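Step one of this worksheet: look at the structure below.
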Amino acid sequence: MTKTTGTNTARGVALRLEGVRRVFENSLAVIEGMDLAIDAGEFLAVLGPSGCGKSTLLRMIARLSAPDGGRIVTEPEHSQVAFVFQDAHLLPWRTVLANTVLPLELMGLGREERRTKARAVLDQVGLAEAEARYPAQLSGGMRMRVSLARALVTEPRLLLLDEPFAALDEITRFNLEVQLRDLWQRRGMTVIFVTHSISEAAFLANRAVVLARRGGKIRLDRHIGLPPERSNDLRSDPRLGQEMKLLMGAMEEE
Ligand SMILES: Nc1ncnc2c1ncn2[C@@H]1O[C@H](COP(=O)(O)OP(=O)(O)OP(=O)(O)O)[C@@H](O)[C@H]1O
Ligand SMILES: [Mg+2]
């Protein structure tokens, strides 16, 4: 149960994975017979050891690669999906604003509409003042916020993030987590967030699944019982510690 409001729920995508299988050449199946249902508007964290298939799973959900078996059903069938990678992947010759408008350019929107939308989302991620700067003039955290803005500008109903904050210092990461959670609350899209970090998963998500080392088996599927408002104050809350302990227990199982 992760829904915040009725309106929000209407803006997210629901997903159903049925017997999903992915096998690369000359290897055992990375994911074998995975079943998972994700509600519209859910904030799901996917945890698991390195190499267990988290990115593989996310790429299939994004339709960047196809399952070798089973299927992934989304409701509604066609909707706006955005993907944020671990590296910001910005175009160095474009300013912050020009990077942010890029997906809208590709969608064929007019110049003024593009700029208005991009400025609104840059404002939301706290980058209004930096719109004329180039990527080389930004810190890592700022670059990641541009990447987030570029994903959000298309108003995705499904936002997929693959360890987006892994390379950032802890304070920057903490602040971006709060910002992302806040954006999710306001927009109500479905979020699937892949991470190595137990504290990040517990802090951000409403539900966390822990994958086993092999085969995409789900070790733990847990509703995170923390209040909907997540500020940095929560970081020292014993309830967060309790959630982390449970997730850690599942990560340690062999
Ligand atoms: N294109 C590919 N060709 C062959 N094997 C691949 C390919 N992509 C991934 N794999 C293999 O599939 C397994 C899962 O990889 P994946 O990148 O999904 O793991 P991950 O859980 O995201 O790991 P990490 O936490 O390190 O990012 C690994 O053993 C990897 O070597
Ligand atoms: Mg990965």
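Report, by residue number, each residue of the stretch 11-63 that is closer than 12 Å to L211 by Cβ and polar (S, T, N, Q).
Scanning the stretch 11-63 gives S50, S55, T56.
Please enumerate the residues belonging to the stretch 43-83 that are outside any loop (DSSP other than H, G, I, E, B), within 16 Å of ligand 2 (Cβ to nearest atom), farther than 14 Å from L159 by Cα and in contact with a helix residue (DSSP H, G or I) (Cβ under 7 Å, 6 or more places away or on another chain).
Passing the criteria: only L47.
Name the single residue that is farthest from ligand 1 (Cβ to nearest atom) among those in the stretch 34-48 being surrounded by 15 or more Cβ atoms within 10 Å (Cβ to Cβ) and not hydrophobic (A, V, I, L, M, F, W, C).
Top of the filtered list is G41.
Might you let me know whether the stretch 169-183 holds any residue that is hydrophobic (A, V, I, L, M, F, W, C), under 22 Å from E75 (Cβ atoms) and modelled with pLDDT of 90 or more?
No, because not a single residue in the stretch 169-183 is hydrophobic (A, V, I, L, M, F, W, C), under 22 Å from E75 (Cβ atoms) and modelled with pLDDT of 90 or more.
For the stretch 51-64, state whether one or more residues are surrounded by 21 or more Cβ atoms within 10 Å (Cβ to Cβ) and among the small types (G, A, S).
Checked the stretch 51-64: at least one residue is surrounded by 21 or more Cβ atoms within 10 Å (Cβ to Cβ) and among the small types (G, A, S).
Taking only the stretch 90-136 into account, find how many residues are surrounded by fewer than 13 Cβ atoms within 10 Å (Cβ to Cβ) and within 12 Å of S147 (Cβ to Cβ).
1
I'd like the residue in the stretch 88-112 that is over 15 Å from M142 (Cα atoms) and touching a residue at least 40 places away in the same chain (Cβ under 8 Å) and, out of all such residues, is nearest to the chain's Cα centre (by Cα).
Among those residues, the one meeting the criterion is P103.
Can you work out which of the residues in the stretch 84-104 that are polar (S, T, N, Q) and modelled with pLDDT of 95 or more is nearest to ligand 2 (Cβ to nearest atom)?
Only one residue fits best here, namely N99.
The values are calculated or read from the model by the stated rules, or taken from the named source; none is laboratory data. Given the structure is predicted, the values throughout are model-derived calculations rather than measurements. As a convention, Cβ positions derive from the backbone with ideal geometry for all residues, glycine included, and neighbour counts pool all protein chains shown.
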